[in-house]
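**Student:** Below you will find the structure I want to go over with you.
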Amino acid sequence: MRGLITGAAGAVAVTGCVAGLLYLGPGTGRPSADAPAAAPPAATAAAGGAGGAGGAGGAVEAARERTRAYPDDPTVWAALGHAEIEAARTTLDAARLDAAGRALRRSLDLDGTDNYAALTGQGLLANARHEFTEGRAHALRATGMAPDRPDGYAILADAEIQLGHYPAARTAVQRMLDLAPASAAYSRAAYDLETNGRPEDAAIALQRAVDSSATRDERAFAEARLGDLAWSRGAVGRAEKHYRRALDAVPGHPYAQAGTARVLAARGRTDEAMAAYERLLDRTPLPQFLLEAVELRRSADGGREGSGSGSESGSDSGSDSGSGGERAALDAQVRLSRADGGPVDPHVALYAADHGDPAVAVELMRREWKHTRGVIAADALAWALHRDGRNAEAMEYARRASATGWKNALFRYHLGAIEHALGLPGATGHLREALALNPRFSPYHAPRAEELSRT
């Protein structure tokens, strides 16, 4: 497997994850949920490992039971921390991160000197909270402590990606592939390859992630990512196939459900797509899914432009009454993001930019940019600045977003729209490129890309 990423052609690689918790790839641990609940710690407390037949919830319960049986064993507390983080990743319940933090602190209280599992848990936790510099520091300590274990490199790769250190991320992923060529490594390899404009190689890596998956969660994650990759290239039928496979592995998998809704919308089955979003949002009201639902409704409603007035956060609520709940949820997230000073989901900023107050979007993304320098953050900041009328500055970040060569239709559209506003010659080419990559990339923005490309 050595050289999978750096090879000149053919079998190449990666995955990942995009904005923190929601995009973190699978961990490197093996399933532990099937182990006897109170088995000896040495047999069960390896770092990480959720999923399995019992799923993330079952792994957490099993880990909790071990802490009750062995309350003075640091390894079982570290294992509980990892299980809680994995549960947060698979259920998208960020509240589990607080429980993870408590378990990891207890582990370190019991052993603060040679505790690799707790150290990698702290790294995972920091990344999930968008504290990527801290996550990177924990990962470097972990890889220094145990250079032949893959867990630290997974955390390091995730942190380096979010910090915009793509060559360093690739090095970490390659090390993972050398040490443990399994689903977690192939997933991260796929993200690296996709980000660097190699979608065919990314698909190969993701298929290997599927083939090497050890749990249903891992399989569902990789299949859903394959669906996203096919969708990004306009292959609606292939995307649907992978989303269906992800749902077969894990019924109700949120990213596969969202992908299925996008497929329905692309086929003109808008009512069914909205019903699918509503079912998804009842359980998982993530900003990405809320924004997709809002924009689908607006597209069906004629795509009226936001007026920047109305609700407290500036959204133009009322133009399409059916999206009131989704808008209210996003408005609340905008207010919360402004108030708490914590991580900013780029989808929240994009919502504010297009359907609320663009100045608020700029405020949020400038703050996030202090912690996250990846291409997704650069694109969101560029778009916020453009919507706020600051096109010259927007261009700087749009160029950063496109620097890796990611064939991302939304990025291309944003770049082309900013160039169009500035009267630059590349505008039409980038707008057409967005539509060529995926003519259905957004029910709300694709028609605008077509319109701008004709002017």
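The values are calculated or read from the model by the stated rules, or taken from the named source; none is laboratory data. Keep in mind that this is a model prediction, so the values were computed, not measured. Using ideal geometry, Cβ is built from the backbone for each residue, glycine included, and neighbour counts are taken over all protein chains shown. Areas reflect the complete protein model, heavy atoms only, side chains present, ligands, DNA and RNA absent. Shrake-Rupley method; radii C 1.70, N 1.55, O 1.52, S 1.80 Å.
**Student:** Just read off the accessible area of Glu200 with the full protein assembly in place, 1.4 Å probe, to the nearest 10 Å².
**Tutor:** Surface accessible to solvent at Glu200 totals approximately 100 Å².
**Student:** Where does each of 426-432, 116-122 land if you order them by average Cβ count within 10 Å, highest first?
**Tutor:** Sorting 426-432, 116-122 by mean packing, highest first, produces 116-122, 426-432.
**Student:** Among rounded, prolate and oblate, which fits segment 197-263 when a ≥ b ≥ c are the square roots of the eigenvalues of its C-alpha gyration tensor, a/c under 1.5 means rounded, and a/b larger than b/c means prolate?
**Tutor:** Here segment 197-263 falls in the oblate category.
**Student:** How big is the Kirkwood radius of segment 335-424, worked out from every pair of different alpha carbons and given in Å to one decimal?
**Tutor:** Values: mean 1/r = 0.0788 Å⁻¹.
For segment 335-424, inverting the mean 1/r across all distinct Cα pairs yields 12.7 Å.
**Student:** Here is a follow-up. Translational diffusion coefficient of segment 351-395 at 25 °C, 0.890 mPa s, Stokes-Einstein with Kirkwood Rh over Cα pairs, in µm²/s as a whole number. Don't jump to the answer; show the numbers that get you there.
**Tutor:** Numbers: Rh = 10.0 Å.
Rounded, D is 246 µm²/s.
**Student:** Then there's this: Can you give me the distance in nm between label points at Ala339 and Asp178, each placed 7 Å from the Cα along the Cα-to-Cβ direction?
**Tutor:** 4.9
**Student:** Also, I was wondering about something else. How big is segment 113-271 on each of its three principal axes, counting only the C-alpha atoms and giving the largest first in Å?
**Tutor:** Per principal axis, max minus min of the Cα coordinates gives 57, 29, 27 Å.
**Student:** Moving on to the next point. Roughly how large, in nm² to one decimal, is the mean projection of the convex hull of the alpha-carbon atoms in segment 150-200? Walk me through the intermediate numbers first.
**Tutor:** Numbers: hull surface 12.3 nm².
About 3.1 nm², averaged over all directions.
**Student:** Moving to a separate point now. Pop a pseudo-label 7 angstrom from the Cα along the beta-carbon direction at both Arg399 and Asp114 and give the gap in nm to one decimal.
**Tutor:** Label at Arg399, label at Asp114, 5.3 nm between them.
**Student:** So with the 1.4 Å probe, I'd like the accessible area per residue for segment 117-222, rounded to whole Å².
**Tutor:** Here the residues of segment 117-222 average 31 Å² of exposed surface.
**Student:** I'd like the projected area of segment 67-173, averaged over all directions, using the convex hull of its alpha carbons. Report it in nm² with one decimal.
**Tutor:** 6.5
**Student:** Now a separate question. In nanometres, what is the gap between the two model label sites at Ala94 and Arg269, each 7 Å from Cα along Cα-to-Cβ?
**Tutor:** 3.3
**Student:** Calculate the length of the line joining the C-alpha centroid of segment 204-236 to that of segment 410-445, in whole Å.
**Tutor:** Computed from Cα coordinates, the inter-centre distance equals 27 Å.
**Student:** Let a ≥ b ≥ c be the square roots of the eigenvalues of the Cα gyration tensor of segment 109-153; is it rounded (a/c under 1.5), or, if not, prolate (a/b larger than b/c) or oblate?
**Tutor:** Taking the square roots of the gyration eigenvalues as a ≥ b ≥ c, segment 109-153 is oblate.
**Student:** Let me ask something else about it. Roughly to the nearest percent, how much of the accessible area of segment 336-436 is carbon and sulfur, given a 1.4 Å probe?
**Tutor:** Answer for segment 336-436: carbon and sulfur cover 51 percent of the accessible area.
**Student:** In whole percent, and with a 1.4 Å probe on the protein chains, what portion of the accessible area of segment 131-260 is carbon and sulfur? Walk me through the intermediate numbers first.
**Tutor:** On the way: 2260 of 4400 Å².
Summing carbon and sulfur atoms, their accessible area is 51 percent of the total for segment 131-260.
**Student:** Further question on the same structure: Apply the Debye scattering formula to segment 373-433, with a single equal point scatterer on each alpha-carbon and no solvent, then give log10 I(q)/I(0) at q = 0.25, 0.28 Å⁻¹.
**Tutor:** Calculated log10 I(q)/I(0) at the listed q: -0.96, -1.19.
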